[in-house]
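**Student:** Below are the structure tokens for one structure; questions will follow.
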Amino acid sequence: MNIFHTFHDHIAEILARIAASGRLPELDPARFIVEPPKDAGMGDLACNAAMVFAKEAKLHFANPRQLAAEIAMALAETEGVAQAEVAGPGFINIKLKSSIYWDVLRQVLRAPQEFGRVVNGRAGALQGKVNVEYVSANPTGPMHVGHGRGAVFGDALANLLEFSGCEVTREYYINDAGAQVDVLARSAYLRYREALGEKITIPEGLYPGDYLKVAGERIAAKYGRELLARPEGEWLALVRDVAIDSMMEMIRDDLAALGIAHEVFFSERSLHEKKNGQSEIDRQIEELRAAGLVYQGRLPPPKGQLPDDWEDREQTLFRSSDFGDDTDRPLKKSDGSNTYFAADIAYHKSKIDRGYATLVDVWGADHGGYVKRMTAAVAALSDRKVALDVKLCQLVKLMREGEPVKMSKRSGDFVTLREVVDEVGVDPVRFMMLYRKNDAPLEFDLAKVLEQSKDNPVFYVQYAHARAKSALRQALTAFPDLDISPAALLSARMELLDDESELGLARVIAQYPRLIEAAAAAHEPHRIAFYLHDLASAFHAHWNRGKDRPQLRFVNADERDLTSARVALVVCLACVLASGLRLLGVKAPDEMR
């Protein structure tokens, strides 16, 4: 039960009746919203319909307040409405009867695993095939904490979209072409020589981390001393293949430690490989040229001081400015090779050809300047039928008790994601990575995320779930024969839940379906973390009231029916906490030490 949808439908029906009377034209109900009021003291729901349709209503209504008053009058006669009032220039505030929230609790009990799942979503396009590409770190070393933020964000978003009815593919784009993997191969070759007994020195410009020792040992096991006598032109590709495989195995292991698994690993190198004398990148350029979207031309010089490498020359250009970009973009370098953008065009065309209606790319914040051109490319490649949403993840500043943490023995120059996971655990990493909006900088303090206090959000939320389970155990101690299964609790006397604090908990629970739908439509899983913290806060506050007022405690040994109703509330709360944590990839513990 999404109460916001329910009352949106009621108001749409009222507007339709007014239209049928000839005082309004036919209106699009998708234009107005029903949401929680900014001030909880104003009621349970707020609606802007009269304001939105002010222009259409002006022939028969003097002002939006007049239309709002008619809507409010009709709402007051609607089942479940205690009061409907007009506020300000024409907003409608609605106070619901307690019975609405008792019905919400019964819905949770009927299908605990399904509550909140989006059915016939209204907050945005929540159907069809969605490709979420995330992490996609270069296979040249272990992942750092910044990669971890994108990994957690992408994984939680994929969970959220699946819960919202989408068919989701989790994808990793392996950047296994270009100069950086040749540097990797040369670095691994030195570790290969080291594995054969040589003393080596890692020169500047190569990767110094100890993680490449494994790759060196694998190369030695596969080729013995055979490669020592060969020139670089012969051993480079052989070493590169082993090194990339070794790095990807390490990356997969690190992701698995964080509870992340991708279904598709797409190789960039496959786009460069020639088939019938032509690579996929070249073929895509020719298709765009045939469509009139690629031409030979010159770009104007960039504004300001010219970069040292800028050349005024004729180039192969993509008409990205026709699709919202600031300028057209080169597809060929001066040496005739393809640009990175050309490869990315071919890669995204592959996604489109695989039938995805929506593409989500999760990138580091340093790629922000690349968003417009890629969005333009997807619009051109799909005839504007496929949407691309690029989510940028800001940097993570790693701290320990307020002091920056920088160095790592494993990587040589940064703390790896795996080191952080091993030190503090999966749950703190995942929750805290999502407890800030993805485009906001994040400070991650290794000491604070382990604190057992209300100032530590992950502990605060997990403790709420454990505390709820504790209340259920207390209920069974007081009433050993009490059936606390959701199905059995459907018969509980919900009308006994009449305390304002109890109803307040039910109100927050009732917001969960709307929260899920809105978060999925906006591609913002951090909203779930915020909501869970609010729900936990409401629960802890109610628990603390019970310390001062014993009559509010969940278990009352003298009142079985009241205890049963309150147990039903606790079960619903625990179900929603567990559901939200599951979407974030965080455990919902039954006990905490």
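**Student:** On C-alpha positions alone, give me the angle between the axis of helix 145-163 and the longest principal axis of the chain, in degrees, nearest 10.
**Tutor:** Result, in degrees: 50.
**Student:** If you don't mind, another one. Multiply the residue separation of residue 31 and residue 275 by 0.36 nm, subtract the distance between their alpha-carbon atoms, and state the gained length in nm to one decimal. Show your work: numbers first, answer last.
**Tutor:** Working: separation 244, 0.36 × 244 = 87.84 nm, distance 5.05 nm.
My answer for the length gained is 82.8 nm.
**Student:** About the Cα centre of the chain, how large is the charge dipole given +1 on each Lys and Arg Cβ and -1 on each Asp and Glu Cβ? Please answer in debye to the nearest 20.
**Tutor:** Working: 74 positive and 85 negative charges, 40 e Å.
Its charge dipole is roughly 200 debye.
**Student:** Something else about it: Highest mean first, how do 1-7, 264-270 rank when packing is the count of other Cβ atoms within 10 Å averaged over residues?
**Tutor:** Values: 1-7: 20.6, 264-270: 16.1.
In descending order of packing, they fall as 1-7, 264-270.
**Student:** Relative contact order of region 268-393, please, whole-number percent, based on alpha carbon pairs below 8 angstrom and at least 6 residues apart.
**Tutor:** Result for region 268-393 is 21 percent.
**Student:** With 10 angstrom as the radius, rank 356, 295 by how many other C-beta atoms surround their C-beta, starting from the fewest. All intermediate terms of the calculation are to be shown ahead of the outcome.
**Tutor:** Numbers: 356 24, 295 13.
Ordered from fewest to most neighbouring Cβ atoms within 10 Å, 356, 295 come out as 295, 356.
**Student:** List the residues whose amide H sits under 5 Å from the amide H of residue 364, counting only those 5 or more places along or on another chain, with H placed 1.01 Å from N in the peptide plane.
**Tutor:** 393
**Student:** What is the helix-to-structure angle for 371-381, meaning the angle in degrees between its Cα long axis and the longest Cα principal axis of the chain, kept from 0 to 90 and rounded to the nearest 10?
**Tutor:** Tilt of helix 371-381: around 90 degrees.
**Student:** Further question: Out of residues 5 or more away from residue 389 or on other chains, whose amide H comes under 5 Å of its own, with H placed 1.01 Å from N in the peptide plane?
**Tutor:** Here the answer is 359, 360, 361, since their amide H atoms fall under 5 Å of that of residue 389.
**Student:** Sort 166, 47 by Cβ crowding within 10 Å, fewest neighbours at the top. Don't skip to the end; give the middle numbers.
**Tutor:** Numbers: 166 22, 47 27.
Ordered by Cβ neighbours within 10 Å, fewest first: 166, 47.
**Student:** What angle do you read, to the nearest 10 degrees and between 0 and 90, between the alpha-carbon axis of helix 526-548 and the longest principal axis of the chain?
**Tutor:** For 526-548 against the chain, the angle is about 40 degrees.
**Student:** Follow-up question, since we're still on this one. Determine ³J(HN,Hα), in whole Hz, for all residues of region 85-100 in sequence, where each value follows from phi through the Karplus function 6.51 cos²θ - 1.76 cosθ + 1.60 and θ = phi - 60°; x replaces Gly and Pro.
**Tutor:** 10, 8, 10, x, x, x, 7, 10, 9, 10, 9, 9, 6, 4, 4, 4
**Student:** Let me ask you something else. For region 270-285, what does the Karplus curve 6.51 cos²θ - 1.76 cosθ + 1.60, with θ = phi - 60°, yield as ³J(HN,Hα) per residue in whole Hz, taken in order and with x for Gly and Pro?
**Tutor:** 4, 6, 8, 5, 8, 10, 6, x, 9, 7, 5, 5, 5, 5, 5, 4
**Student:** Same structure again: Take every Cα-Cα distance within region 453-584, group them into 5 Å bins from 0 onward, and report for each bin the whole-number percent of pairs it holds.
**Tutor:** Values per bin, smallest distances first: 2, 10, 20, 23, 20, 13, 8, 3, 1, 0.
**Student:** Taking θ = phi - 60°, what integer Hz values does the Karplus form 6.51 cos²θ - 1.76 cosθ + 1.60 yield along region 453-467, in sequence order, with x for Gly and Pro?
**Tutor:** So the J values, rounded to whole Hz, are 8, 5, 7, 9, x, 5, 5, 4, 6, 5, 5, 4, 5, 4, 5.
**Student:** Okay, moving on. What shape does region 3-96 take by its C-alpha gyration tensor, where a ≥ b ≥ c are the square roots of the eigenvalues and a/c under 1.5 counts as rounded, a/b above b/c as prolate, and the rest as oblate? Walk me through the numbers before you get to the answer.
**Tutor:** Details: a/c = 1.72, a/b = 1.46, b/c = 1.18.
Judged from the Cα gyration tensor, region 3-96 comes out prolate (a/c at least 1.5, a/b above b/c).
**Student:** Sticking with this structure for a sec: Show the residues, 5+ positions off or on another chain, whose built amide H is closer than 5 Å to the amide H of residue 332.
**Tutor:** 316, 339
**Student:** Along the Cα→Cβ direction, 7 angstrom out, place labels at residue 490 and residue 83. What is the inter-label distance in nm?
**Tutor:** Placing both labels 7 Å along Cα→Cβ, they lie 3.5 nm apart.
**Student:** Of the options 388, 331, 367, report the single residue whose Cα projects farthest towards the positive end of the charge dipole of region 268-393 (beta-carbon charges: Lys, Arg +1; Asp, Glu -1).
**Tutor:** Positive-most Cα among the choices belongs to 388.
**Student:** Could you work out the relative contact order of the chain, using alpha carbon pairs under 8 angstrom and six or more residues apart, expressed as a whole percent? Let's see the in-between values first.
**Tutor:** Working: 964 pairs, mean separation 93.7, N = 593.
Answer for the chain is 16 percent.
No lab work stands behind these numbers, since they all come straight from the coordinates. Quick caveat: nothing in here was measured; it's all calculated off a predicted structure. Methodologically, a virtual Cβ is constructed for each residue, glycine included, from the backbone with ideal geometry; neighbour enumeration extends over all protein chains shown.
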